[in-house]
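Heads up: the structure comes next, in structure tokens.
The values are calculated or read from the model by the stated rules, or taken from the named source; none is laboratory data. Given the structure is predicted, the values throughout are model-derived calculations rather than measurements. Here the Cβ positions follow ideal geometry from the backbone for every residue, glycine too, while neighbour counts run over all protein chains shown. In case anyone asks, the SASA skips ligands and DNA or RNA and just uses the protein heavy atoms, side chains included. Shrake-Rupley method; radii C 1.70, N 1.55, O 1.52, S 1.80 Å.
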Amino acid sequence: MKTSNGTLAMHRKKSFDIWDVLIRLSLIISSLVCLLPFVHVVSKSLSNDAYVIANKVFLWPQGATIEAYKKILQDESILRSLYVSIVVTVLFTIIGMIITICAAYPLSRPQLKGRTALTVIFMFTLYFHGGIIPEYMLINNLGLLDSMWSIILPPAFSAFNLLIMKTALSSSIPVSLEESARIDGAGHFRILVNIVLPLSKPIMATLALFYAVGRWNTYQDALFYIKQNVDMRPLQLKLYYLVIQASESFQLEATQVQLSNPEVLKASCVVFATLPILCVYPFIQKYFVQGVMLGAVKE
């Protein structure tokens, strides 16, 4: 009997080890699939034009040089676009978080009448919307064309982030805690500021990252709304024009960047636009992990 139990235990342990190895192997492969293309782009941006043209650059720079980044940084229009992108991203994230918190907190409280119907109305916008033409007409009628507010206000509210915030508040902020604060004389605003928000830092950091990364990487709305005022073009739109210009034979954008190989310009532009987010992410990573797992386990 002991031998049988011992064999069964060894078999289970062996099976567990096999699955553990397979899981680790799949995670490593998935990580490499995400990492290696970016490493390749970085290597191309740091390589000499001749090696890139000859397709000799893979995961390590050949003829290492930072000439591409020097030329990008010497272009005042790119630095101005970087400043615009930073301002737009910060304002967008702040406004988006304020709207999301103000909408999610009352919808997460059971004493709000009609909260289910309101939630359905918000969720309806996830599947159906007016489209690009009505949105453009609205922005035009509001007089927001060629201003940074045209790329800040329209997408500032996200029903998906609202759903995440509402679920997190419902699962992490007990009703009894709010009732005890109300007995002590606290109102809704004080409960929100002094109790709910301090206990919701992980999910707030997660949603702030979603808002910031989403705004930083988007250029399509700026392509529609920022036409004449070139000083208001964000970095992503500026780099889009530069990449298109490097691939075509005609001039699209006034710039001082002149490289013999378009691939080097493309790679350096991608890395240049990605670095700010990469610098910010490590500081909020711990909150991001906590926010993603918040409400995942029921006790």
key: One residue from T93, T89 being under 30 Å from M165 (Cβ atoms), in contact with a Lys or Arg (Cβ under 6 Å, 6 or more places away or on another chain) and at pLDDT 85 or above   = T89
inquiry  = So, M137, is that one at negative phi, touching a residue at least 40 places away in the same chain (Cβ under 8 Å), part of a helix (DSSP H, G or I) and out of contact with any strand residue (DSSP E or B) (no Cβ under 8 Å at 6 or more places or on another chain) or not?
reply    = no
inquiry  = Just to be sure I understand, how many residues within region 84-107 are open to solvent by 60 Å² or more (accessible area, probe 1.4 Å) and either under 17 Å from V270 (Cα atoms) or not assigned by TED's automatic domain parsing to the domain that holds Y211 (or both)?
reply    = 1
request  = Could you identify the single residue in V57, V42 that is of a type in the set (A, V, I, L, M), under 23 Å from K70 (Cβ atoms) and in contact (Cβ under 8 Å) with a residue 24 or more places away in the chain?
outcome  = V42
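Of everything in region 108-127 that's among the basic types (K, R) and not in a helix (DSSP H, G or I), which residue is surrounded by the fewest Cβ atoms within 10 Å (Cβ to Cβ)?
Residue satisfying both the conditions and the ranking: K113.
Taking into account only those residues within region 140-164 that are among the aliphatic types (A, V, I, L, M), under 26 Å from Q228 (Cα atoms) and free of Cβ contacts under 8 Å to residues at least 60 places away in the same chain, which is least open to solvent (accessible area, probe 1.4 Å)?
To start, the set of residues in region 140-164 that are among the aliphatic types (A, V, I, L, M) comprises 142, 144-145, 148, 151-153, 156, 159, 162-164.
Still in the running and under 26 Å from Q228 (Cα atoms): 142, 144-145, 148, 151-153, 156.
Filter once more, so that each one left must be free of Cβ contacts under 8 Å to residues at least 60 places away in the same chain: 142, 153.
Numbers: L142: 107, L153: 85 Å².
That would be L153.
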ask   = Can we say I95 is touching a residue at least 24 places away in the same chain (Cβ under 8 Å) and in contact with a Cys (Cβ under 8 Å, 6 or more places away or on another chain)?
value = no
query = Listed residues I195, I183, I173; which is open to solvent by 60 Å² or more (accessible area, probe 1.4 Å) and more than 30 Å from F128 (Cβ to Cβ)?
reply = I183
note = Per the filter on region 1-50, residues part of a loop (DSSP other than H, G, I, E, B) and either modelled with pLDDT of 90 or more or surrounded by 10 or more Cβ atoms within 10 Å (Cβ to Cβ) (or both) are L46, S47, N48
